[in-house]
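Since every read-out is calculated from the coordinates, none of them should be taken as a lab result. Predicted model only: the values in this text are computed from it and were never measured. Here Cβ is always computed from backbone atoms with ideal geometry, including for glycine, and neighbour counts include all displayed protein chains.
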Amino acid sequence: MISITGLNKTFLTPSGRVNALKDINLTVDKGDIFGIIGFSGAGKSTLIRCLNRLEEPDSGTIRIGAREITRLGTRELRAARKKIGMIFQHYYLLESRTVFGNVAFPLEIAGYPKQRIGHRAVEILELVGLIDKIGAYPAQLSGGQKQRVGIARALANEPDVLLSDEATSSLDPSTSRSILDLLRDINQKLGLTIVMITHEMDVLRYLCANAAVIEAGEIIETGSVAEISAHPRHEITRLFFAPSRQNSSGEAQGMLPDPAERGERKEVSDVR
Amino acid sequence: MSDDLLPLLAVGLGETVYMVILTTVSSLFLGLPLGVALVVTEPGHIMAAPRLNKVLGTMVNITRSFPTIILIVVLLPLSRLLVGTTLGATAAVVPLSIGSAPFLARIIENSLKEIDRGKIEAGLAVGATPMEIIRKVMIPECLASLTLGITMAVIMITGFTATAGAIGAGGLGSLAVRFGYQRYRTDVMLATLVVLVVLVQSIQWGGNLIARRINKNRHKFS
């Protein structure tokens with residue numbers, strides 16, 4: 001579904017060049033929920049933003065489905081973006097529009113006729129469980145409800161891929177969990193491929209089948225989450241697991257239940 | 001109070017209101033696209049064109065450097081060309097519009113810059129064109145701030161028309177100069193000032209009202 005090869009990105013800052021991404025190679029299978037985890041500044045946000053070219057990579061190729069994203073011209077890129085949904089940590093809803101208006105926005109851009117916009121918006125708001133808030137403005141919603149609107153907006157135009165940029169990082173644990181449940185639900189119902197970045201191991205364990213660990217702009221480990229957590233090969237990866245192990249005697253242990261409690265999870269094996 | 005005071009004020013107010021409305025409308029025609037262009041052509045924005053941005057910025061600054069009265073005099077030939085005369089309220093609208101447009105453009109630029117970059121990216125992420133982002137994201141999201149900015153500009157234009165009045169444009173400014181100042185008519189001077197104060201107050205009050213309406217649903221505490 002998604003393949004990234006030899007991706008590089010450098011930022012020019014006043015203090016010199018920063019290699020934000022170094023030779024990234026990654027494959028995500030169709031229908032997978034793929035996590036990218038890393039500490040702040042590791043380059044995970046840059047990486048996910050390269051996927052729809054909100055960030056322009058310097059070199060390398062990105063393929064999503066049949067499209068080679070990195071070769072598209074302006075117009076083709078806009079067409080491709082209509083099929084790549086994205087949700088953000090800070091939601092970025094339009095405050096001038098109601099919940100309905102926010103969901104209608106991508107449909108207007110995609111050129112849906114008015115009547116179909118209405119149908120589709122209602123349909124998708126029912127899916128995310130916000131139909132009773134259809135006339136509310138974002139300012140009247142809680143964080144979790146805002147993110148549901150964000151998800152509805154991202155899904156309105158029936159994308160093939162959903163990119164999640166720290167979608168639950170500013171939500172409280174129980175709300176965060178309900179959003180993750182919604183994402184899993186959507187993944188199963190619609191067969192949607194989800195790529196999510198996070199700095200929380202709990203999120204990764206709770207939702208993702210496969211993952212990559214990124215540090216200083218490089219992918220240092222990829223594989224199934226179970227495998228990575230059972231046999232971390234890298235010091236950084238161990239660090240991600242360490243805090244919850246140390247706290248395991250205390251009550252502060254992870255906000256989310258262990259994946260084992262959720263039973264079976266499908267494994268996708270051929271991740272580079 | 002003399003008998004001619006009220007008719008004088010009525011005519012002056014009429015001319016002033018006429019000039020302010022016409023100037024506001026035509027300077028919006030120039031200033032709104034210019035203000036939007038100043039924002040979107042910035043480096044890293046949705047229609048980045050750093051050179052054009054510099055040129056536009058410099059043009060705006062040059063126009064804004066002119067003292068009002070000089071700008072009006074300089075632009076009078078243009079009035080003759082467009083309106084056929086250099087005297088009266090309609091003739092004044094031409095230089096007034098050109099003089100106000102850059103100011104309006106800067107105000108609009110400031111308002112549009114308040115928007116959270118993330119909202120623009122959310123628009124880009126769904127495949128919106130730059131025009132769609134301007135029309136459906138930037139302007140609606142900044143509407144309350146734009147309204148207050150434009151209100152400020154309308155008040156400034158009111159002041160502008162008074163200056164123009166001193167050199168033949170008519171309106172309340174002309175009244176104050178020709179009757180109040182040159183003919184020592186203190187009653188006319190005072191009455192003119194009172195009318196101007198009330199006019200400016202009403203414009204501000206109207207602008208605030210509209211902005212509040214716009215904001216009503218968008219913020220919890222307003």
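Side notes on the structure shown:
- Rounded to the nearest 20, the size of the Cβ-charge dipole of region B:18-169 about its Cα centre is 260 debye, with Lys and Arg at +1 and Asp and Glu at -1.
- Computed from the Cβ-Cβ distance with R0 of 35 Å, the FRET efficiency linking A:Asp23 to B:Arg135 stands at 0.30.
- Inter-probe distance in nm under a simple model that places probes 7 Å from Cα toward Cβ, at B:Val11 and A:Lys30: 8.2 nm
- Cβ-Cβ distance of B:Gln204 and B:Lys113, R₀ of 22 Å, FRET efficiency by 1/(1 + (r/R0)^6): the value works out to about 0.45.
- A simple rule links phi to the HN-Hα coupling: the Karplus curve 6.51 cos²θ - 1.76 cosθ + 1.60 with θ = phi - 60°, which for region B:148-154 gives 5, x, 5, 4, 4, 5, 4 Hz, with x for Gly and Pro.
- Summarising the label geometry, the points placed 7 Å from Cα in the beta-carbon direction at B:Met59 and B:Leu30 lie 1.0 nm from one another.
- Reported value for chain B: 130 Å³ per residue, from the convex hull of its C-alpha atoms.
- For region B:112-172 versus region A:120-170, the gap between their alpha-carbon centres in whole angstrom: 30 Å
- When the inverse distances between all different Cα atoms of the protein assembly as shown are averaged and flipped, the Kirkwood radius reads 26.2 angstrom.
- Mean separation of Cα contacts under 8 Å (6+ apart) over length of chain A, as relative contact order %: 25 percent
- Proxy reagent accessibility, fewest Cβ within 10 Å first, across A:Ile194, A:Ile220, A:Ile84: A:Ile220, A:Ile194, A:Ile84
- Gyration tensor (alpha-carbon) shape descriptor, region A:19-66, a/c threshold 1.5: oblate
- Cβ-based exposure ranking for A:Arg153, B:Arg212, A:Arg184, in which fewest neighbours within 10 Å come first: B:Arg212, A:Arg184, A:Arg153
- Principal axis extents of the C-alpha atoms in region A:15-172 (largest first, rounded to whole Å): 47, 35, 32.
- With the simple model of a label 7 Å out from the Cα in the direction of the Cβ, A:Glu126 to B:Met156 spans 5.3 nm.
- Per-residue mean of C-beta atoms belonging to partner chains within 10 Å, peptide B:116-124: 6
- Charge dipole (Cα centre; +1 on Lys/Arg Cβ, -1 on Asp/Glu Cβ; no other charges) of chain A amounts to roughly 920 debye.
- Put in order of Cβ neighbour count within 10 Å, fewest first, the listed residues B:Met131, B:Met138 become B:Met131, B:Met138.
- Relative contact order computed over chain B (Cα-Cα under 8 Å; 6+ residues apart), in percent: 25 percent
- Nearby aspartates and glutamates by direct alpha-carbon distance to B:Lys54 (threshold 17 angstrom, same-chain neighbours under 8 apart not counted): B:Glu42, B:Glu109
- Above-threshold pairs, the threshold being 18 Å between Cα atoms, out of A:Lys44/A:Lys146; A:Lys22/A:Lys44; A:Lys82/B:Lys136; A:Lys9/A:Lys44: A:Lys44/A:Lys146
- At R0 = 35 Å, FRET efficiency that the Cβ-Cβ distance of A:Glu158 and A:Ser15 yields, to 0.05: 0.20
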